Amino acid sequence: MSDDEDEEPAVSLGEHTPVEGAPLARVTSRLTWPKEKSEIDRLEGESVVRTPDGPTPLSSILEDVDETYFQRSQEFEGCVRAVIGTGPIPTADE
C-alpha cells in the first residue's frame, strides 16, 4: 500500500441521514417459508417498512396484495414490491 491510499476514502460516503422504517428484506428474513398472508400479518403486520411513499405498516401493504399464500420469500417480496413500487426512499430530513 502507498501512503496515498490511507489519506482519503476512494468514495465519499456523505453524512449519515436517518431513514424511517425497516428494509423489506429485513422483515422477510424474520419469517420462515412457506407462509400464509394472514400469518405474515399476524407476525409482522405492525412492522414499518421503507417505501418510496414513506414508512408504511406492513399490514397496510398486505391489504393490497392479492395473493394469500407465499411459497418462498422471493414470491412474497415480489408481491409487496408490486404494491409499494420501487424508487428512492425518503429520508427523515425530507
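A few remarks follow.
- Single condition Glu46 does not satisfy, out of (1) at pLDDT 95 or above; (2) assigned to a loop (DSSP other than H, G, I, E, B); (3) buried (at least 17 other Cβ atoms within 10 Å of the Cβ): (3)
- When the residues of region 61-94 are filtered to those that are touching a strand residue (DSSP E or B) at 6+ places or on another chain (Cβ under 9 Å) and hydroxyl-bearing (Ser, Thr, Tyr), the one that is surrounded by the fewest Cβ atoms within 10 Å (Cβ to Cβ) is Thr68.
- Cβ pairs under 6 Å, 6+ apart, first in region 66-89 and within 14 Å of Thr56 (Cβ to Cβ), second among the polar types (S, T, N, Q): Ile84/Thr51
The values are calculated or read from the model by the stated rules, or taken from the named source; none is laboratory data. Worth saying up front: this structure is predicted, and the values here are computed from it rather than measured. Here Cβ is always computed from backbone atoms with ideal geometry, including for glycine, and neighbour counts include all displayed protein chains.
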